[in-house]
Amino acid sequence: MKYLTGILLIFLLCSCSSVELVEHWKNPDIDFYEPNKVLVVGMTSHVEARQKFEQQLKDEYEARGIETVRSLDLFGPAFSTEKMTKADLKAMENDLINDGFDTVLFTKVMGVEDIIEYKSNYDGYDETYRRFNEEYLKYQDIYYNPDYYEAYTVYHVETSMYCLCPTKDRALIWKGYIDITDPQSIDDTVNDYVRLVIIVLEEQQLITPKIFKEEDIAEETI
């Protein structure tokens, strides 16, 4: 299974997806982790994106027989739009533990970067030409031709998995740093992002492989 998920991860990173795993970290003290009840949190004020993101992660966990709750269902939109104090968060964590939660999967946007990428040797002029008029003719398209450069936006996103462990501090199990480049569709971006996170978590043995029902297998073979 580990070999298979490794192949899927390579395929995803080499595809045309706008979502890319930049780096990830796993707690070296944890070889294998199997959550029982998970809270998924997408920290964004974009309600539609949050709904789709949390629901898709919920579906993935529940397909593996893991009880999962969206933060939208538990707390409503206010959880990510209103400030909370340290005491508020401590009380919330204790309530989660009392309700049987042992894991939180928390996703947030850490930064947004606007990038302009210029095309080198745009018009094919010989680089040895250094007269003013030749140099000007070569680079004037910076102003007059939009094809001279490409502008796009990169969202730097983090997903963290925490253990709600009553006997010790809330331990960080895994963290992934993921870039989303110039997203055009909420559905496509959420699909690619969730798929990438699940593949990596399976590879790191932090989530069990998906449980396929007989009817699902029959449908896929048709």
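Would you call GLU54 in contact with a strand residue (DSSP E or B) (Cβ under 9 Å, 6 or more places away or on another chain) and open to solvent by 30 Å² or more (accessible area, probe 1.4 Å)? When the stated conditions are applied, GLU54 does not pass them. Scanning the stretch 57-77 for residues that are among the aliphatic types (A, V, I, L, M) and open to solvent by 40 Å² or more (accessible area, probe 1.4 Å) yields a single hit, LEU74. Cβ-Cβ contacts under 6 Å between residues 6 or more apart (or on different chains), taken from a first residue in the stretch 22-44 that is in a strand (DSSP E or B) to a second residue that is among the aromatic types (Phe, Trp, Tyr) and open to solvent by 30 Å² or more (accessible area, probe 1.4 Å), are listed as VAL22/TYR177; GLU23/TYR177; VAL41/PHE106.
Residues in the stretch 158-212 that are among the hydroxyl-bearing types (Ser, Thr, Tyr) and either free of Cβ contacts under 8 Å to residues at least 24 places away in the same chain or open to solvent by 70 Å² or more (accessible area, probe 1.4 Å) (or both): THR167, TYR177, SER185.
Quick check on PHE101: is it among the hydrophobic types (A, V, I, L, M, F, W, C) and open to solvent by 20 Å² or more (accessible area, probe 1.4 Å)? Outline the logic, then answer.
Working: among the hydrophobic types (A, V, I, L, M, F, W, C): yes; open to solvent by 20 Å² or more (accessible area, probe 1.4 Å): no.
Against the criterion (among the hydrophobic types (A, V, I, L, M, F, W, C) and open to solvent by 20 Å² or more (accessible area, probe 1.4 Å)), PHE101 does not qualify.
The values are calculated or read from the model by the stated rules, or taken from the named source; none is laboratory data. Since this is a predicted model, take the numbers as computed values, not measurements. When we count neighbours, we look across all protein chains shown, and the Cβ atoms used for this are built from the backbone with ideal geometry, even at glycine. Side chains included, ligands, DNA and RNA excluded: accessible areas come from the protein's heavy atoms. Shrake-Rupley method; radii C 1.70, N 1.55, O 1.52, S 1.80 Å.
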